[in-house]
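The values are calculated or read from the model by the stated rules, or taken from the named source; none is laboratory data. Values in this document were obtained by computation on a predicted structure and should not be read as measured data. Note: ideal-geometry Cβ built from the backbone for every residue, glycine included; neighbour counts use all protein chains shown.
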């Protein structure tokens with residue numbers, strides 16, 4: 001939304017300058033505020049790191065959850081890269097309207113994530129991972145059949161909500177199933193895999209758009225999200241995990 005205001009009447013350079021300024025402020029706050037206490041660890045660092053990473057990779061729940069999140073970010077990377085082009089070239093939206101499109105999507109994610117994060121404490125993480133992927137998959141597939149900017153805005157809200165549902169549950173699930181001593185390794189693997197998915201999304205989506213067009217590409221990517229949801233639901237069904245800690249303690 002801020003970028004939209006900056007683009008109108010100026011040029012795109014102001015957007016990048018403002019983004020750099022915000023990033024610099026964030027870096028300064030991290031440097032000033034986050035000063036963790038020094039801790040002493042015994043023994044060589046590399047063997048302990050190697051053992052922790054091996055244990056995390058062999059943990060089926062951590063690996064499956066990380067791969068599900070990677071699939072979610074694959075879809076998200078494709079959306080972020082090609083929805084603006086689709087909105088401009090096919091739907092005919094202006095740059096300002098496209099800015100609002102992504103602003104509304106992000107606002108939906110920001111508002112929904114705390115709500116569904118708290119809800120996952122009661123109903124369990126795994127159902128929300130599945131529901132979020134399903135909602136994102138359906139929304140993604142529907143983008144390709146939309147020619148109205150208001151409908152596009154509605155789908156952006158739907159997708160943003162689904163994205164919040166999944167991401168709120170996956171990160172909490174990783175923490176739930178990880179031993180305290182291996183939190184760093186588990187979340188490192190989790191972050192690495194979803195970054196790979198995020199990077200692969202635009203690359204694969206670009207090839208699909210060039211080959212079959214926007215509508216089919218969105219359908220294929222949305223269908224992939226639905227498949228990931230189904231596979232995760234089947235794989236995680238046999239897990240013996242504390243899915244709903246608040247409900248269990250009530």
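Somewhere in the range 116-126, is a residue part of a helix (DSSP H, G or I) and closer than 29 Å to residue 214 by Cβ?
Going residue by residue through the range 116-126, those that are part of a helix (DSSP H, G or I) are 116-123, 125-126.
Going one step further and asking which of them are closer than 29 Å to residue 214 by Cβ, we end up with none.
No; the residues of the range 116-126 include none that is part of a helix (DSSP H, G or I) and closer than 29 Å to residue 214 by Cβ.
Scan (1) crowded, with 16+ Cβ neighbours inside 10 Å; (2) within 27 Å of residue 151 (Cα to Cα); (3) at pLDDT below 90 for the single condition residue 65 breaks and write down its number.
If we test residue 65 against (1) crowded, with 16+ Cβ neighbours inside 10 Å; (2) within 27 Å of residue 151 (Cα to Cα); (3) at pLDDT below 90, just (2) comes out false.
Quick check, is residue 50 surrounded by fewer than 14 Cβ atoms within 10 Å (Cβ to Cβ), under 25 Å from residue 234 (Cβ atoms) and either in the same structural domain as residue 162 (by TED's automatic domain parsing) or at pLDDT 90 or above (or both)? Show your work before the answer.
Working: surrounded by fewer than 14 Cβ atoms within 10 Å (Cβ to Cβ): yes; under 25 Å from residue 234 (Cβ atoms): no; either in the same structural domain as residue 162 (by TED's automatic domain parsing) or at pLDDT 90 or above (or both): yes.
So residue 50 does not fit the description; no.
I'm trying to understand the selection: among the residues of the range 122-140, which are buried (at least 20 other Cβ atoms within 10 Å of the Cβ) and more than 25 Å from residue 218 (Cβ to Cβ)?
Selection gives 124, 125, 126.
Among the helices (runs of 4 or more DSSP H) lying completely within the range 172-250, list those that include at least 2 residues that are at pLDDT 90 or above.
Details: elements: 183-212, 214-236, 245-249.
Hits in the range 172-250: 183-212, 214-236.
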